[in-house]
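Have a look at the structure below, then the notes.
Bear in mind that the values in this text are calculations on the coordinates, not laboratory data. Since we're looking at a predicted model, the values are computed, not measured. Don't worry about glycine lacking a Cβ; one is built from the backbone with ideal geometry, like all the others, and counts go over all protein chains shown.
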Amino acid sequence: MIEKINIEVLGKKDTRSGFGEGLLEVGKLNNNVVALCADLTGSLKMNAFENAFPERFFQVGIAEANMMGMAAGMTIGGKIPYTGTFANFSTSRVYDQIRQSIAYSQKNVKICASHAGLTLGEDGATHQVLEDIGMMKMLPNMTVIVPCDFNQTKQATIAIADHEGPVYLRFGRPSVPIFVKPDANFQIGKADTIIEGTDVTIVACGHLVWKAIEAAQALQEKGISAEVINMHTIKPLDAKAVLDSVAKTGCAVTAEEHMMNGGLGDSIAQVLSRNTATPQEYVAVDDSFGESGKPEDLLKKYNIDTPNIIEAALKVIQRK
């Protein structure tokens, strides 16, 4: 008899608002925290910080490369800069500045990237970055975090101030269910096992964690026990959590709002290939740019929705 899955939903809100609230809170806790924004203060919900600490907020305009250079320089004086813009502009547009001035130099900059993935929606392919996790995790010294809901994004935003070194924090635009407790302890590099199971391991990050929960609930109706892991930290990866889980289940599915190449799935595949012969299926965008559309419609079209996780789970179980 499989125990019924019971996940309490605490409401629904966008993760970028979690960042905004977290930024305000960490600003109150630490006077060295400063914020820089590239003309998207409202979109990243940085208004509250700007209003509370105008002397610690810097509007750099549409000059993202300059913003990264400024942030790197501020760390030399002991400041903890949080940069804010869309994920595409936080990575692709400024990769050289991040590589040279931040990652290589190990500067204590927190790169906060909103509107990531397909769920940016109607803004279309030019803004829907799907390769950023791969770009950032490949940089030495860079920590990569992809929280799953409003509460966890707020917790992560606060936690990264105490982490010495560069961080890439990825979050999004749409409202998603809140299921992480507001007083949960966020620990960088430590995965959260949300549902325990014995038949298949589902490892997800960001918005796809809730989809993984939905998939586990549907699989339960089929008599299949799925373990769901919220891998909020892509780098450093909690390899132990993955290996402990697949030791029970014997197979894995990875789910992410990102390109199949270079993302969470590839990080999990490296762990499995180096440690244990375990079949894995990917739920991710398959070597494609996005397009303009409603977020839920895009998730369906690009095969990264709940039914795709269910299908992948059934397939990988057959491969055991």
> Convex hull volume of the Cα atoms in the chain, per residue, in Å³?
Replying inline: 117
> Given K300/K320; K110/K320; K28/K248; K28/K300, which pairs have Cα atoms separated by over 32 Å?
Replying inline: K110/K320; K28/K248; K28/K300
>> How compact is region 192-318 by the rule of thumb for globular proteins, expressed as Cα Rg over 2.2 N^0.38 Å?
In response: 0.97
> By how many degrees, 0 to 90 and rounded to 10, does the Cα axis of helix 208-221 deviate from the longest principal axis of the chain?
Replying inline: 20
>> Could you tell me the relative contact order of region 132-254? Use alpha-carbon pairs under 8 Å, at least six residues apart, and round to a whole percent.
In response: 31
>> Whole angstrom only: what separates the Cα centroid of region 258-320 from the Cα centroid of region 63-98?
In response: 30
> Looking at this model, which pairs from K13/K301; K45/K294; K13/K315 are more than 28 angstrom apart at the alpha-carbon?
Replying inline: K13/K315
> Which value at 222 nm does the chain reach when only helices count, each DSSP H run of 4 or more adding -39,500 (n - 2.57), with the total divided by all residues and rounded to the nearest 500 deg cm²/dmol?
Replying inline: -10500 deg cm²/dmol
> Per-residue HN-Hα couplings for region 13-26, Karplus 6.51 cos²θ - 1.76 cosθ + 1.60 at θ = phi - 60°, whole Hz, x for Gly and Pro?
Replying inline: 7, 6, 6, 5, 5, x, 4, x, 5, x, 5, 4, 5, 5
> In 10 Å bins starting at 0, how do the alpha-carbon pair distances of region 6-54 split up by percent?
Replying inline: 25, 47, 19, 8, 1
> Dipole magnitude of the chain about its Cα centre, charges +1 at Lys/Arg Cβ and -1 at Asp/Glu Cβ only, in debye to the nearest 20?
Replying inline: 500
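Using the per-residue mean of other Cβ atoms lying within 10 Å as a proxy for protection, in what order, highest first, do the peptides 14-22, 75-83 fall?
In decreasing order of mean packing, 14-22, 75-83 become 14-22, 75-83.
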>> Sorting check: for 190-197, 65-72, 149-156, 217-224, which peptide has the highest mean count of neighbouring beta carbons within 10 Å, and how do the rest follow?
In response: 149-156, 65-72, 190-197, 217-224
>> On C-alpha positions alone, give me the angle between the axis of helix 239-249 and the longest principal axis of the chain, in degrees, nearest 10.
In response: 20
>> Rg over Rh of region 12-177, using C-alpha atoms and the Kirkwood radius, what does it come to?
In response: 0.92
>> Normalised by the empirical 2.2 N^0.38 Å for globular proteins, what value does the Cα Rg of region 86-157 take?
In response: 1.13
